Amino acid sequence: MHTRAEDQWLNVTYYEPADGKWVEQRPAPEGFRADKPFPTKAVATQSAKEAYDLVLARAGARVRDADDLRIIEEVKARAASLQTQASRSASVLAGSLGARLSLQM
């Protein structure tokens, strides 16, 4: 981890089209470089535990549905399973197909 600001310009990559291909320029042309740093707001940091709680608190749609709530609880319980989700999806698909077939008859 870097403890001081370092010039990262050598890591900036620019791609431009040439003869139907993308050509990499590294570092990017100096004309792309700002003369001075942009003003920015302070970055909020937190512990891993706080970040985990924050992500779970904000996960899902703005109005959470049953799937959002189930997934959040599975993450908290560390009990999620692809097999469970796959069988649930197959069940929903089968039910959906069955409803369509009965409507067509």
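The values are calculated or read from the model by the stated rules, or taken from the named source; none is laboratory data. Owing to the predicted nature of the structure, the values given are computational and were not obtained by experimental measurement. Cβ: placed from backbone, ideal geometry, glycine included. Neighbour counts: every protein chain shown.
Values as computed for the structure displayed
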item: Residues located in the range 14-69, provided they are hydrophobic (A, V, I, L, M, F, W, C) and surrounded by 10 or more Cβ atoms within 10 Å (Cβ to Cβ); result: VAL23, ALA28, PHE32, ALA51, LEU54, VAL55, LEU56, ALA59, LEU69
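Listed here are the residues, each with its yes/no results for (1) within 30 Å of GLU73 (Cβ to Cβ); (2) at pLDDT 90 or above; (3) not aromatic (Phe, Trp, Tyr).
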{"residue": "LEU10", "(1), (2), (3)": "no, no, yes"}
{"residue": "GLU24", "(1), (2), (3)": "no, yes, yes"}
{"residue": "PRO37", "(1), (2), (3)": "no, no, yes"}
{"residue": "THR45", "(1), (2), (3)": "yes, yes, yes"}
{"residue": "ALA57", "(1), (2), (3)": "yes, yes, yes"}
